[in-house]
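The values are calculated or read from the model by the stated rules, or taken from the named source; none is laboratory data. It should be emphasised that the depicted structure is a prediction, and the values quoted were computed from it without experimental measurement. Please note: Cβ atoms are built from the backbone with ideal geometry, for glycine as well, and neighbour counts cover all protein chains shown. The accessibility values were calculated without ligands, DNA or RNA, using every heavy atom of the protein model including side chains. Shrake-Rupley method; radii C 1.70, N 1.55, O 1.52, S 1.80 Å.
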Amino acid sequence: MERRTIGAGALAVGTVGLGCMPMSWAYNGSRQRGDESARAVHRALDLGVTLLDTADMYGPFTNELLLGRILRERRAEAFVSTKVGLLVGDQHIVANGRPGYVRRACDASLRRLQTDVIDLYQLHRADPEIPVEETWGAMAELVQAGKVRALGLCALGARGGRRSGARLHDATLRQLQRVQQVFPVSAVQAELSVWSPEALEALLPWCEARGVGFLAAMPLGNGFLTGTLTPGEGFEPDDVRARHPRFTAEMMAANQPIVAGLRRVARRHGPEVTAAQVALAWVRGRGRHVIPVPGTKQCRWVTENAASADLRLTPGDLAELGSLPAAQGSWD
């Protein structure tokens, strides 16, 4: 698989990553099986999908433990990305950016991942009670201690307290300017997909101008852009999409023209090409610094997603995708 680089340190990763969250958290709890997920991670590494994206809050903790069992055997083949800054409680999630906590959380992640270094350590969310510079400074100390190779920041996203009239990622850009003064940012992670292109406005250009990698979260629109979800079919109660305004039966039906457009483009490239692969190729084509990180827990989808690295969209394809209707339904 083609490789791309993250940040000034030119850390090399496969051009498609693997989001590991669905293996342990947020999606279809009844279908989360450790053995199947482990096989999916092994399959990803076999195919050159080296970027494994996790977080201590996924589970919580169980996602890192799952990866640790695989990394014990295949650490040299993997690029390990995990996150810090969010604590999961009973029905709530809170931020913790206190320097002492960051140091302890890193040591705990290293133990669970069964490795002596984390390739990319990302701040999941800034703590409103702690200046972000203090949190980032503690993370920078981890780089200097040899426990972490590079630092990244996760964007606030649609639920991050956007002010009326402000661009979606204004708050994230302000955070980036502040932490960049303390220690270089190597990567930014934010949602980017055909139906959520907002990062193209300012966040991607900021990264490109500074040689910062961009990890595209949810490049398949939480599964919607695969075309495998049926409007009105419903989701399990613990699935985040069950409470998501864009995943009501009405909104899923209204957004079917987006999936239809992806399928039309796919058909032009051959009977084996899927809507999901077109969606991933579109994200990958947004720049050499962009790495789509689709989440899955099944080998079949890992294989399909990895194959998207070979798909090259034509100018006509891009024009058609660019003319698709904007997605309906709020993210808030």
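Couple of notes before you dig in:
- Screening the stretch 171-191 for residues that are in a helix (DSSP H, G or I) and touching a residue at least 12 places away in the same chain (Cβ under 8 Å) and picking the one that is most open to solvent (accessible area, probe 1.4 Å) gives 178.
- For residue 274, the test of being of a type in the set (Val, Ile, Thr), surrounded by fewer than 19 Cβ atoms within 10 Å (Cβ to Cβ) and either touching a helix residue (DSSP H, G or I) at 6+ places or on another chain (Cβ under 8 Å) or farther than 16 Å from residue 195 by Cβ (or both) is failed.
- Any hit, the stretch 22-41, residues being of a type outside the set (Gly, Ala, Ser), open to solvent by 10 Å² or more (accessible area, probe 1.4 Å), at pLDDT 95 or above and over 19 Å from the mean Cα position of the chain (by Cα): yes
- Filter pass, residue 203 being crowded, with 22+ Cβ neighbours inside 10 Å, more than 27 Å from residue 274 (Cα to Cα) and without any contact (Cβ under 8 Å) to a residue 60 or more places away in the chain: yes
- Output for the stretch 292-319, where each listed residue is among the charged types (D, E, K, R) and without any contact (Cβ under 8 Å) to a residue 40 or more places away in the chain: 300, 304, 310, 312
- Scanning the stretch 66-86 for residues that are of a type in the set (A, V, I, L, M, F, W, C) and buried (at least 17 other Cβ atoms within 10 Å of the Cβ) yields 66, 67, 70, 71, 78, 79, 80, 84, 86.
- For the stretch 315-332, a residue qualifies if it is open to solvent by less than 60 Å² (accessible area, probe 1.4 Å) and at pLDDT 95 or above, and the qualifying residues are 316, 317, 320, 321, 324.
- Lone qualifier among 281, 249 - being out of contact with any strand residue (DSSP E or B) (no Cβ under 7 Å at 6 or more places or on another chain), of a type in the set (Gly, Ala, Ser) and farther than 19 Å from residue 317 by Cβ: 249
- Residues (within 18 Å of residue 11 (Cα to Cα) and open to solvent by less than 30 Å² (accessible area, probe 1.4 Å)) located in the stretch 91-122: 115, 117, 118, 119, 120, 121, 122
- Odd one out for residue 105 among (1) closer than 19 Å to residue 136 by Cα; (2) touching a helix residue (DSSP H, G or I) at 6+ places or on another chain (Cβ under 9 Å): (2)
- Checked against (1) part of a helix (DSSP H, G or I); (2) in contact with a Lys or Arg (Cβ under 8 Å, 6 or more places away or on another chain), residue 116 meets all criteria but (1).
- Flag if residue 230 is without any contact (Cβ under 8 Å) to a residue 24 or more places away in the chain and either open to solvent by 50 Å² or more (accessible area, probe 1.4 Å) or touching a His at 6+ places or on another chain (Cβ under 8 Å) (or both): yes
Residues are listed down the side, and each one gets a yes or a no for (1) hydrophobic (A, V, I, L, M, F, W, C); (2) within 19 Å of the chain's Cα centre (by Cα); (3) crowded, with 16+ Cβ neighbours inside 10 Å:
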{"site": "217", "(1), (2), (3)": "yes, yes, yes"}
{"site": "238", "(1), (2), (3)": "no, no, no"}
{"site": "244", "(1), (2), (3)": "no, yes, yes"}
{"site": "253", "(1), (2), (3)": "yes, no, no"}
{"site": "261", "(1), (2), (3)": "no, no, yes"}
{"site": "264", "(1), (2), (3)": "no, no, no"}
{"site": "278", "(1), (2), (3)": "yes, yes, yes"}
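- Of the helices (runs of 4 or more DSSP H) lying entirely inside the stretch 243-329, those containing at least 3 residues that are over 30 Å from residue 209 (Cβ atoms) and aliphatic (A, V, I, L, M) are 249-254, 256-268.
- Residue check for residue 194: of a type outside the set (Gly, Ala, Ser), under 16 Å from the mean Cα position of the chain (by Cα), farther than 24 Å from residue 308 by Cα and open to solvent by 20 Å² or more (accessible area, probe 1.4 Å): no
- Test: residue 237 is under 30 Å from residue 34 (Cβ atoms) and without any contact (Cβ under 8 Å) to a residue 12 or more places away in the chain: yes
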